[in-house]
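The values are calculated or read from the model by the stated rules, or taken from the named source; none is laboratory data. Given the structure is predicted, the values throughout are model-derived calculations rather than measurements. Cβ placement follows ideal geometry from the backbone for every residue including glycine, while neighbour counts extend to all protein chains displayed. To get the accessible areas, we keep the full protein, side chains included, count just its heavy atoms, and leave off ligands, DNA and RNA. Shrake-Rupley method; radii C 1.70, N 1.55, O 1.52, S 1.80 Å.
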Amino acid sequence: MQLDLTPDQKTFQATARKALEKEVPLTRIREMVEAGEPFDRDWWAAGAELGWTAMLVPEELGGGTVSGEGLRDLAIIAEEFGRGVVPGPLIPVNVVLAGLVEVVPDQPHHAETVEALLAGEAVATWAAYEPGEEWAPLAPRTVAKPSAEGFLIDGTKDRVEVARSADLLLVLASAPEGTSQFLVPASAPGVTITPTPGIDLTRDLAEVRFDRVEVPASAMVGPAGDVAALVERQLQVALALQLADTCGALGSAFDLSVQWAFDRYSFGRPLASYQALKHRWADQKTWLEASLATTEAAVRAVGARTDDAAELVSVAKSYVGDRAVEVIQDTVQLFGGIGVTYEHDAHFYLRRATANRYLYGTPTEHRQRLARQLAG
Amino acid sequence: MTETIEDVESFRLRARAWLAENMPRIDPEAAAAEGEDDDADWLRNRELQKKLYAGGFAGICYPKEYGGLGLTGEHQAAFTEEADGYEMPLRLNTPTFSICAPVILDLGTEEQKQKYIRGAISGEIVLVQFLSEPKGGSDLAGVITRAERDGDTWVLNGQKIWSTSAYAGDYALCLARTDWDAPKHRGLTMFIVPIHHEGVTLRRIRMVAGASDFCEEFFDDVVLPADSVVGQVNDGWTVASRQLVYERTAMGGASPYTSGRRLRTPDKNRRTPAELAADLGRADDPVVQDLVGRWRTYDRVQHHLSRRVVQGIAAGTHPGPAASIMRLFHAEASWVERDVAVAIAGSQIVGVGGEQQRPLQMQASEFLMRQGASLGGGSTEMARNLISERVLGMPREYAADRDVPFNEVRQGR
């Protein structure tokens, strides 16, 4: 996706690709899906050693980047995850880290959690959706009532990624001061995690119920009742990584499809020789390049926290969210009947891109957000 | 013998002082020249060019021996930055300075360079292109305008179309067939044709939404001297190909030979889709917000895509023909803008009075010209051929006229 990688970034990319191809090739992912197995925690800890959790964490908290631009470095890994439709907590853990490092200056006790996540010893995820609702993290029905020790949390979240493997859940709840964010141990009494089958077989989703779950006051992440800016930051990081992941899956599907164009013969000539089909691949190539371009711009802007970061993530989500799925569906059409079989790999890319299309705000919601930004 | 050239910063400061002293500031109240009545504007452009020439700031990247300054693209870029806010002879940039003069510089004779390049830089000559013909735009090498040798002269007959600004030009680079027994690319010759000349009839083309810069020309026994040939006889395709390269470079905004920057044409009736939604009181409608967001998305994606492709071609990660990706996306983004604007306007686009009348008329005109974005500068169908064949490496389309003497190639009507 990013054209001007430094030599260090190229090494970072190659190391990740090699590790993923060795540990979680698509054949292995198919076995995990069949067996209902979640990602392996030791494998994740090894990934943490390769730097997959360090890029958004400042050096004083034990993190560090490859190039000085941590989000761009991390997007390289996210793209590799998408390319290989790799399961795992890459995006959830890094989104939680992005939130925690924002608050550590004011809430230094969270540095301990940062350290555990950084080492790959703990896994965390963001619980921001609620049943029946679209993306509205700041208007939760989940409540946090003050208690003797801190807060009692009641409510239900769904579309929670890797909840089954998570040690910590970052939960948005309505507190007396307003919507606030809490870090809740998944093992706390009253937390019930129910896996929910989803469209993306590589994504472990769950519904999480909180039934009078007691957390100390120190569980609060960010200022009480004033988390809009923090949630926006977490959202932007989530979108930037999700878009890079989609670009990876889209690139894989497109490469497979172009190979097919040359290999598949009908009426004694390759599909690549038919103008009606060539023009489809030309369109796909154009849309792929456009997807990579807008994603790179969004990643840069969010990473550098430029004024247009909020706009550029919405632009990219609006474009890539829809386009990637349309292009992959078109590759399925060009594969013919084999493209809609379980045996073929296309559906893995389609599933991944489709789930990414809708999570963290649909393309339509992001277009409306853009219009509101323009209207001021 | 090397000559030290002035450093860019010193050139910039000198330009800044000279511009302030000599060039007129842009008048924000002045209305843009509309329709066919732009003779005064062309005259003004020639005057401005003469001012630049007299002041020693014309033809910055052209060699000194042909009236230029022999400086670098960085000098030109600095001058262009300094010239923001001043009236500049922008109409002369394309095709005169970005396409025609560079081709003459590359492939013309010494006499042609002295006459046409110096003439253009000094503001005396406007150059244009006679390339496309009515029988086909995409198949440029299939031109059938003919030039026949008659002693020391050539006699030109035929018809050209889509020549931008030809009505205001002095000379045109004209591609004609000179050998009908050769295969199509090998029987062509490029000529320099005086536009105001016996036998040349020129007509401005009226487009669906009104007048335009496009012209068509008819040639009836136009007599051209032997020294009108640019490059070699029957090697006109080499010249035309070079023109196309310069044209794409100019369209991508990367020509070192243009001076001054055209900012968005000021027009008080022009509205972005977001402005239109606000003016019509529809900015809060979620369906309209989806449309406005779609326009903004394509607008920004186009910007980032162009940056990526230009950077990729320069760095070698993308092959040169990847430039067609920008061309193809440009058409799509333009369609989106036109379609979104009309959808926001709803039935009011059909025609209303009052304050919205003129802005909506402008949107309606642009909608009627929607396909122009996927036709002008090479159709999107050709762009798709180029992307699939030259970027993805897919087999070339079958051409019935390849390696066939042109007089045996079947011609339609």
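Taking strands (runs of 3 or more DSSP E) that do not extend beyond the range A:84-190, which have at least 2 residues that are open to solvent by 20 Å² or more (accessible area, probe 1.4 Å) and at pLDDT 95 or above?
Answer list for the range A:84-190: A:143-146, A:150-161, A:168-175, A:178-185.
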Going through (1) open to solvent by less than 60 Å² (accessible area, probe 1.4 Å); (2) within 10 Å of another protein chain (Cβ to nearest Cβ); (3) free of Cβ contacts under 8 Å to residues at least 60 places away in the same chain; (4) not aromatic (Phe, Trp, Tyr) one by one, B:Val342 fails only at (2)
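Determine, yes or no, whether A:Leu370 is within 14 Å of chain B (Cβ to nearest Cβ), more than 19 Å from A:Lys285 (Cα to Cα), part of a helix (DSSP H, G or I) and open to solvent by 40 Å² or more (accessible area, probe 1.4 Å). Let's see the steps before the verdict.
Values: within 14 Å of chain B (Cβ to nearest Cβ): yes; more than 19 Å from A:Lys285 (Cα to Cα): yes; part of a helix (DSSP H, G or I): yes; open to solvent by 40 Å² or more (accessible area, probe 1.4 Å): no.
No; evaluated as a whole, the condition is false for this residue.
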Report task. Determine, yes or no, whether A:Thr295 is outside any helix (DSSP H, G or I) and hydroxyl-bearing (Ser, Thr, Tyr). Result -> no
If we ask which residues in the range B:179-235 are aliphatic (A, V, I, L, M), more than 19 Å from the chain's Cα centre (by Cα) and in a loop (DSSP other than H, G, I, E, B), their number turns out to be 4
Flagged in the range A:1-50 as closer than 30 Å to B:Leu305 by Cβ, of a type in the set (S, T, N, Q) and in a helix (DSSP H, G or I), in numbering order, are A:Gln9, A:Thr11, A:Gln13, A:Thr15
Per the filter on the range B:94-131, residues more than 18 Å from B:Glu65 (Cβ to Cβ), open to solvent by 20 Å² or more (accessible area, probe 1.4 Å) and either assigned to a helix (DSSP H, G or I) or out of contact with any Cys (no Cβ under 9 Å at 6 or more places or on another chain) (or both) are B:Thr94
Here the qualifying pairs (Cβ atoms under 6 Å; residues six or more apart or on different chains; first in the range B:274-286 and facing chain A (nearest Cβ under 10 Å); second assigned to a helix (DSSP H, G or I) and open to solvent by 60 Å² or more (accessible area, probe 1.4 Å)) come out as B:Ala274/A:Leu374; B:Ala283/A:Ala375
Taking the range B:69-89 and keeping residues part of a loop (DSSP other than H, G, I, E, B), under 18 Å from B:Val8 (Cβ atoms) and within 22 Å of the chain's Cα centre (by Cα) leaves B:Asp84
Scanning the range A:318-376 for residues that are farther than 30 Å from A:Val231 by Cβ and of a type in the set (S, T, N, Q) gives A:Gln329, A:Thr331, A:Gln333, A:Thr341
Condition set of a type in the set (S, T, N, Q) and buried (at least 20 other Cβ atoms within 10 Å of the Cβ), scope the range A:275-291, selection nearest to the other protein chains (Cβ to nearest Cβ): answer is A:Thr286
Per the filter on the range A:358-367, residues touching a residue at least 60 places away in the same chain (Cβ under 8 Å) and more than 14 Å from chain B (Cβ to nearest Cβ) are A:Leu359, A:Tyr360
Q) If you check A:Gln329 against the conditions, is it within 14 Å of chain B (Cβ to nearest Cβ), part of a helix (DSSP H, G or I) and not aromatic (Phe, Trp, Tyr)? A) no
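A:Val315: in a helix (DSSP H, G or I), within 9 Å of chain B (Cβ to nearest Cβ) and open to solvent by 10 Å² or more (accessible area, probe 1.4 Å), yes or no?
Working: in a helix (DSSP H, G or I): yes; within 9 Å of chain B (Cβ to nearest Cβ): yes; open to solvent by 10 Å² or more (accessible area, probe 1.4 Å): no.
Spelling it out, it is not the case that A:Val315 is in a helix (DSSP H, G or I), within 9 Å of chain B (Cβ to nearest Cβ) and open to solvent by 10 Å² or more (accessible area, probe 1.4 Å).
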Conditions (1) surrounded by fewer than 24 Cβ atoms within 10 Å (Cβ to Cβ); (2) assigned to a helix (DSSP H, G or I); (3) more than 13 Å from chain B (Cβ to nearest Cβ) -> A:Asp255 fails only (3)
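Rundown of residues vs (1) of a type outside the set (Lys, Arg); (2) touching a Lys or Arg at 6+ places or on another chain (Cβ under 7 Å), yes/no style:
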| site | (1), (2) |
| --- | --- |
| B:His318 | yes, no |
| B:Ala322 | yes, no |
| B:Pro359 | yes, yes |
| B:Gly377 | yes, yes |
| B:Ser388 | yes, yes |
| B:Tyr398 | yes, no |
| B:Asp401 | yes, yes |
| B:Arg410 | no, no |
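Of everything in the range B:296-328, what is farther than 22 Å from B:Thr272 by Cα and more than 9 Å from chain A (Cβ to nearest Cβ)? Give them in sequence order. Step through it out loud before you land on a result.
If we filter the range B:296-328 for residues that are farther than 22 Å from B:Thr272 by Cα, which is where we start, we get B:307-325.
Listed by number, the residues that qualify are B:Val310, B:Ile313, B:Ala314, B:Gly316, B:Pro319, B:Gly320, B:Pro321, B:Ala323.
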Note to self: Just to be sure before I move on: is B:Lys184 modelled with pLDDT of 95 or more and either surrounded by fewer than 23 Cβ atoms within 10 Å (Cβ to Cβ) or under 23 Å from B:Asp401 (Cβ atoms) (or both) in the structure I sent?
What the structure shows: no
Those residues of the range A:34-51 which are closer than 21 Å to A:Arg17 by Cβ and touching a residue at least 60 places away in the same chain (Cβ under 8 Å) amount to A:Phe39, A:Trp44, A:Ala45, A:Ala46, A:Gly47, A:Ala48, A:Glu49
Taking the range B:165-177 and keeping residues open to solvent by less than 30 Å² (accessible area, probe 1.4 Å) and either part of a loop (DSSP other than H, G, I, E, B) or touching a strand residue (DSSP E or B) at 6+ places or on another chain (Cβ under 7 Å) (or both) leaves B:Ser165, B:Ala166, B:Gly169, B:Ala172, B:Leu173, B:Cys174, B:Leu175, B:Ala176, B:Arg177
Taking the range B:362-413 and keeping only residues that are at pLDDT below 95, open to solvent by 50 Å² or more (accessible area, probe 1.4 Å) and more than 24 Å from B:Thr164 (Cβ to Cβ), one is left with B:Glu397, B:Tyr398, B:Ala400, B:Arg402, B:Asp403, B:Asn407, B:Glu408, B:Arg410, B:Gln411, B:Gly412, B:Arg413
Taking the range A:258-269 and keeping residues surrounded by 15 or more Cβ atoms within 10 Å (Cβ to Cβ) and within 9 Å of another protein chain (Cβ to nearest Cβ) leaves A:Val258, A:Ala261, A:Phe262
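From the list A:Ala272, A:Ala355, exactly one residue is within 14 Å of chain B (Cβ to nearest Cβ) and over 12 Å from A:Ala253 (Cα atoms). Which is it? Can you show your working first?
Working: A:Ala355 fails: within 14 Å of chain B (Cβ to nearest Cβ).
Step by step, each of A:Ala272, A:Ala355 is checked, and only A:Ala272 is within 14 Å of chain B (Cβ to nearest Cβ) and over 12 Å from A:Ala253 (Cα atoms).
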